[in-house]
Amino acid sequence: MPFPDDRPASPPLALDGTDKKSDAATPDAAKSDTAKSDKEPVAPPKRFVTQHEGIFHGTRLSYGVTSGETQVVDVDGKPRASLFTFAYIRDGATDPAKRPVTFLFNGGPGSASLWLHMGAFGPRRIVVPGDGTGAGAGPYEVVDNPLCPLDQTDLVFIDPVGTGYSKVLGETKVEEAWGLDGDAGIIADFIKRWLTLNKRWASPRYLCGESYGTTRAVAVAGKLQGGLSGVAFNGLALISVILDFHTARFEKGNTLPDVSYLPTYAATAHHYGLVAPVPKDRASFLDEVRTFAIEEYAPALLAGSRLDPARRKRVLRKLSRYSGLGEAWLDRSNLRIDPARFRKELLRDRGIVLGRFDTRYQGRDYDQVGEWPDNDPSAYAIDSAYVSAMNDYLGRTLAVEMDRPYVVFNRTALTKWDWHGPRNENQTSWPGYVNVAPELGRIQRENAGVRILMANGLYDLATPFFAVENTVAGNGIDAGRVTMRYYDAGHMMYVHEPSFDALMTDFRALVAGT
């Protein structure tokens, strides 16, 4: 989902963040991954098969779960990687070959898929407080998930290389899998192999990604739709979307993030009752902020030192009202609002720092007069619950027995991530930034049947909703074929029960084609 943290000096993007997804096993996992695995013979893939029953959307059904390794091979049949996945397949389907199948993953880069797996889409899910309070220490509540879409589609959760139990094989170096293009290529090859091994080429196909997983989903869909791969998708579910990273890089001189984040600041200020006069309703208020951001704020930032003093004063007054921050503070910051500073500043007089993934979460820092938050309250509020639930579920329900720990987040993958796509060795270009949004536009133009859901949390400061709207508007994407949905929560909107219900309803509509 996000950067390790959102300070300007932080490393490149970690969208499913190191401050959220850390794992004590990561250093050992990284060491084993970076060593060449061709020093020993490639072991046969391990698989663990279990049978279960459940009631989903009022339908009682039995299903099998295959938790295990699938080897991805090169054109010569040599193993390149072993991806550990969790495939939930409904028993007794009328025509299994034509039943929909959805492939799901989280992001990071460097995150395993447990957040979507245990938080929303799996048949069992962890329940945490959805009101901005922390889950605390265990035991935690893991319950049957009647909103799991298994009655409608089979589900395959994918852990990319270096996460979960997934790893490189043979002569492949782990760095080849840790990058925008390499990662997407391995996931794409896995999907083709899974369709072949399970005789599912006739099935309707869906991709579901969260945070950097939305970047990955578009990159994977582009690879599989291009050339003669022959895998066009019926739908993409993009949760907490980031496709154009220019919208999220708070660098000096780049004003696009300031414009893109403002409505989320406004939603947060409104949530805490800091907007005066009080708006009639939140929806019209946020529309007002959107208009200001495009028509007044963006031109003012572009004008910079050329901005007329009277005009600057008008912009400053409105910016203060919308953001909840003081005019004097905004004046000293040159009208720019860094998200980490916002989280620290908005409720500073109460000694409270806000969450990054979800600004409804509150915490307290060691230094209440500091500039940057110590951590992300919306991350440490739920970390232990999700990691504990996943590890318990692996052993006691799915009967998985591996000789290495389950890697929740691989920090080394993040720091070594290659953010560039494939390039000719003789190609020269100016430094750029990741933007897969034009690829999504191409996918739409070449696949008239693809449906797209974009799910956005109103209190998400990792992948803010207005940045998504700006991305759709400026990259050749047909907005008329995109379903935009907004939820009263943050990055992981499914921790909030009403938002979880709405998200699953929206996903079902995507698969049903309604």
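The values are calculated or read from the model by the stated rules, or taken from the named source; none is laboratory data. This structure is a prediction, so every number in the text was calculated from the model and none was measured. For neighbour counting, all protein chains shown are included, and Cβ atoms are generated from backbone atoms with ideal geometry for every residue, glycine included. These accessible areas exclude ligands, DNA and RNA; they are computed on the full protein's heavy atoms, side chains included. Shrake-Rupley method; radii C 1.70, N 1.55, O 1.52, S 1.80 Å.
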For this session: Only Cα pairs under 8 Å and at least 6 apart count here; give the relative contact order of the chain as a rounded whole percent.
Result: 21 percent
Exercise. So what J values fall out for the range 121-134 if you push phi through Karplus, 6.51 cos²θ - 1.76 cosθ + 1.60 with θ = phi - 60°, rounded to Hz, Gly and Pro as x?
Worked result: 9, x, x, 10, 9, 7, 9, 10, x, x, 9, x, 9, x
Problem set entry | Cα Rg over Rh - the range 288-359, Kirkwood | 0.99
Seminar exercise, completed: Pairs over 27 Å Cα to Cα, from LYS318/LYS344; LYS98/LYS167; LYS173/LYS223; LYS252/LYS318; LYS167/LYS344, come to LYS98/LYS167; LYS167/LYS344
Problem set entry | Rh (Kirkwood; distinct C-alpha pairs) - the chain, Å | 23.4 Å
Problem set entry | Dipole magnitude of the range 139-230, debye to nearest 20 (Cβ charges: Lys/Arg +1, Asp/Glu -1, about Cα centre) | 440 debye
Exercise. Over the range 116-219, what is the relative contact order in whole percent, taking alpha-carbon pairs under 8 Å and six or more residues apart?
Worked result: 16 percent
Exercise. What whole number of Å gives the distance from the Cα centroid of the range 447-514 to the Cα centroid of the range 100-150?
Worked result: 18 Å
Exercise. Which cross-chain or sequence-distant (5 or more) residues have an amide H under 5 Å from the amide H of PHE56, H modelled 1.01 Å from N in plane?
Worked result: LEU61
Seminar exercise, completed: To the nearest 20 debye, the range 47-202 has a Cα-centred charge dipole, built from +1 on Lys and Arg Cβ and -1 on Asp and Glu Cβ, of 420 debye
Problem set entry | ³J(HN,Hα) computed for each position of the range 351-361 - Karplus, 6.51 cos²θ - 1.76 cosθ + 1.60, integer Hz, glycine/proline x | x, 10, 10, 9, x, 8, 5, 8, 6, 6, 7
For this session: Could you tell me what percent of the accessible area of the chain is made up of carbon and sulfur, with a 1.4 Å probe and every protein chain present?
Result: 51 percent
Exercise. Average projected area of the Cα convex hull of the range 110-247, in nm²?
Worked result: 11.1 nm²
Exercise. Which peptide among 394-404, 215-225 comes first, and what is the full order, when sorted by highest mean count of other Cβ atoms within 10 Å?
Worked result: 215-225, 394-404
Exercise. Bin by bin, in steps of 10 Å, what percent of the Cα pairs in the range 33-148 do you find, going until the bin that has the longest distance?
Worked result: 10, 31, 32, 19, 7, 0
Problem set entry | Largest-first ellipsoid semi-axes for the range 163-231, taking √(5λ) over the Cα gyration tensor eigenvalues, angstrom | 20, 15, 12
